[in-house]
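The values are calculated or read from the model by the stated rules, or taken from the named source; none is laboratory data. These numbers come from a predicted model, not from an experiment. Here Cβ is always computed from backbone atoms with ideal geometry, including for glycine, and neighbour counts include all displayed protein chains. Accessible surface areas use protein heavy atoms only, side chains included; no ligands, DNA or RNA. Shrake-Rupley method; radii C 1.70, N 1.55, O 1.52, S 1.80 Å.
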Amino acid sequence: MALSNTNPPVENEGVQLSVSPSPHAPTWYRPTISPEHGVYIVLLVSFLTGAAAAQQWTLATTLAFICAFAGFQAEHPLVLQIKQRRTWKPRYLLWGSLYGGLSLSLAIYLYLQVPVLLWLYLGAIAALIVDAVSVFYRQQKSIGNELLTFAAVCLAAPFAAIATTKTVTLSFWGLWLLNTLFFSSAIFTVKLRKPKTQALTPGLIYHGVATLIIFGLWYGGGLTTLAAVAFGIVLLKFGFILWRRDWYKTTKIQNVAILETLSAVVFFLLTAISLLPNYPVAAA
């Protein structure tokens, strides 16, 4: 699956320390690991909400998770190679091919079991292509591209649900939109920390429109009441950031990461509870 090179809760701040490898030690064999810690949270929460919607965990669920994770890791060396396009890097090509090959193999296997997954794959591939073009032209941090790549990451929710149950329902797509709208909020809150993107209007418009979409999904039966209420966590977070805006703009990035992680955990718990099966209550 195509995943984002966007890190929702954090920016690259601070000093990074690294240890140079021995000049005699080859580096091409060392695995590439994406440093986008925020995307790990988005991917994990989205996938687990999809598994919760399926109300079971099977071999297909495990394979789908490995497929999504490998696809995420494959995107990282691809982006690095595009950024350094003047020279070919064997390490990026090797690990991009290995991660991509693993993800593609599992995707094909799951497709043979559940052909409708093809539409998810096409959406993920389209997002990867757009993201790669954006990286090439150094437009990967635009709001439009970040929204698209968040939507691609959150495809993990219907991917888990459809691969597990081998069926497609409106609620699975509602869950995808719920995750996408929840996590995309970070695009607008994190930009408040940067002098050139501190305008409140885009964030206010986004959260207003997102709330209307969630209400429409709930009204149309695409989301349970508690799942729709779970979106309120992001509204509370946004309200807190506006209330403590001066603090938010200057606080350490670790505090921003903690705020984003805690809101994601509470969101997941509420959403997972909303997807639990209804058990009949025995008469006294």
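Can you pull the percent of the chain's accessible area that's carbon plus sulfur, 1.4 Å probe, other chains left in place? That fraction is 70 percent. Residue ranking by accessible heavy-atom surface, 1.4 Å probe, largest first, among HIS207, HIS76 comes out as HIS76, HIS207. Using a cut-off of 26 Å between alpha-carbon atoms, which lysines can reach LYS194, once sequence neighbours fewer than 8 places away in the same chain are excluded? Qualifying lysines at Cα under 26 Å: LYS83, LYS141, LYS237, LYS249, LYS252. Against the set (i) 18.3, 53; (ii) 24.9, 80; (iii) 19.8, 76, the structure's computed Rg and Dmax of the Cα atoms in Å falls on (iii). Dividing the helix sum by the residues of the chain, where each DSSP H run of 4 or more adds -39500 (n - 2.57), gives a mean residue ellipticity at 222 nm of -22500 deg cm²/dmol.
One equal scatterer on each Cα of the stretch 34-166, no solvent, Debye formula: the resulting log10 I(q)/I(0) at q = 0.19 Å⁻¹ is -1.09. Rolling a 1.4 Å probe over the protein heavy atoms gives the chain an accessible area of 53 Å² per residue. With a point put 7 Å past each Cα toward its Cβ, work out how far LEU170 is from THR225 in nm, to one decimal. With each label placed 7 Å out from Cα toward Cβ, I get 1.8 nm.
Sequentially through the stretch 222-234, phi angles give Karplus couplings (6.51, -1.76, 1.60; θ = phi - 60°) of x, 9, 6, 4, 5, 5, 5, 5, 4, 5, x, 4, 6 Hz, Gly and Pro residues having no value and appearing as x.
Each residue of the stretch 239-245 is assigned a 3J(HN,Hα), and the resulting list reads x, 4, 5, 5, 5, 10, 4 Hz, derived from the Karplus form 6.51 cos²θ - 1.76 cosθ + 1.60 (θ = phi - 60°), x at Gly and Pro. Taking Cα centre as origin and charging only the Cβ of basic (Lys, Arg, +1) and acidic (Asp, Glu, -1) residues, the dipole magnitude of the chain rounds to 780 debye.
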